Amino acid sequence: MSSSVTLQPGREKSLLRRHPWVFASAIKHQKGRANLGDTVDIFSSEGKWLAKGAWSPKSQIQLRVWSFNQEEVIDNAFFLRKIEQAYQGRLHFIHKHGLTGYRLIAAESDGLPGITIDRYENVLVCQLLSAGGEKHRSKIVWALNKLFPECAVYERSDVAVRAKEGLEQVTQVLSGEVPDEVTIEENGVKILVNIKQGHKTGFYLDQRDNRFIAASYAKDKHVLNCFCYTGTFGSYALAAGASKVTNLDVSDLALETARRNAEINQLDLSRCEFLNKDVFEALREYRDQGVQFDQIILDPPKFVDSKASLNRACRGYKDINMLAMQILKPNGILCTFSCSGLMPQDLFQKVVADAALDAGREVQFIERLSQAGDHPVAACYPEGYYLKGLVARVI
């Protein structure tokens, strides 16, 4: 017997707009036996069929929609279709930028809720953050092997958010032989990716376009690359003719990889330095010592992990942008980012504007930046828009 849920009166509106989430508070009752990740039918309070979703009773998001087609079966062929459709939609970006690393599946925005798949050379890295993804792991791997027989498949579901779905963290080889490290290429720049220990699925693919844009300002400039991770913004800047790049991070492993990235791109190591320092402390030291830069890149980790932390995050963004503005030379360029989905674009711009007031600087916004095109935002799922950035001229 199939399982189903019936929604509270009036709570079907988001599904009629094809938003893929159903919250626990929207559910009136559940009928039939359903285990974690099982597919259940969703009905309105008036008995109208609405969608099929993956059941996750421990999560606030108790259902994530697989399909709005009542006839569709969530089987091997379903995942094959979804993944192939996503791949075909990315071929333009792959060819345009000469990519050997890209996001293949962007979760809800590609119709596969809670599932992220990135390709690094010939390794596909999966992150399954939903009960539905967990349930259908074998089908996902089957589809990937079918579409990309040349690729190994590795799982990096080692994130705390899985606990909200009642799932444990896991990393494992799903098929093939997985190396610890591969080299990808984007826009002519080579990048080392640590598959098994790197951040997220190994690397931040979403900043690809922004690395290229930031580098366009770097010629003959001294660039300060904050929260540099493996130094890719810095490698782009050096390749574009920066006079010097200073990379800041608190991870020795990241900084060593940043150095190796410069080396494999045959860049002049005498024009770059790699400093293990807390960025907030370093910026204050530079300000107090009167050290200035031509261009600063601020790409901090996520400051906002819940709505309750938004105000605290705003203070952090304001502080760090104020400090950066204070150490930029006249007409210096600030490239500043927020990767927090809960930070609205207009609020981020306001925070940076307030930072300019506190810094006593006149600032012009000259470009607005977002995530690369292989990280699409489905029209019915605005939450998919998370990365926002500004290029500012600090006068």
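Points worth noting:
- Whenever a residue of segment 153-172 is loosely packed, with under 15 Cβ neighbours inside 10 Å, its partners that are modelled with pLDDT under 95 and β-branched (Val, Ile, Thr), lying with C-beta atoms within less than 7 angstrom and at least six residues away or across chains, give the pairs GLN169/VAL159.
- If you go through segment 98-123 and keep only what is in a strand (DSSP E or B) and within 17 Å of VAL193 (Cβ to Cβ), you end up with GLY101, TYR102, ARG103, LEU104, THR116, ILE117, ASP118, ARG119, TYR120, VAL123.
- Odd one out for GLY132 among (1) part of a helix (DSSP H, G or I); (2) of a type outside the set (Lys, Arg); (3) surrounded by fewer than 22 Cβ atoms within 10 Å (Cβ to Cβ): (3)
- Looking only at residues in segment 229-238 that are assigned to a helix (DSSP H, G or I) and not polar (S, T, N, Q), the one that is nearest to the chain's Cα centre (by Cα) is PHE233.
- Scanning segment 192-228 for residues that are basic (Lys, Arg), part of a loop (DSSP other than H, G, I, E, B) and closer than 16 Å to ASP118 by Cβ gives LYS196, LYS200.
- Some residue of segment 70-79 being closer than 30 Å to PHE43 by Cβ, open to solvent by less than 50 Å² (accessible area, probe 1.4 Å), acidic (Asp, Glu) and part of a helix (DSSP H, G or I): no
- Candidates in segment 271-280 are the residues that are touching a strand residue (DSSP E or B) at 6+ places or on another chain (Cβ under 9 Å) and not in a loop (DSSP other than H, G, I, E, B); of these, the one that is farthest from LYS221 (Cα to Cα) is ASN276.
- Failed condition for LYS318, given (1) open to solvent by less than 80 Å² (accessible area, probe 1.4 Å); (2) under 24 Å from LEU369 (Cβ atoms); (3) in contact with a Ser or Thr (Cβ under 7 Å, 6 or more places away or on another chain): (3)
The values are calculated or read from the model by the stated rules, or taken from the named source; none is laboratory data. Computed from a predicted structure; not experimentally measured. Every residue, glycine as well, gets a Cβ built from its backbone with ideal geometry; the counts of neighbours run over all protein chains shown. Keep in mind that these areas ignore ligands, DNA and RNA; they rest on the heavy atoms of the full protein, side chains included. Shrake-Rupley method; radii C 1.70, N 1.55, O 1.52, S 1.80 Å.
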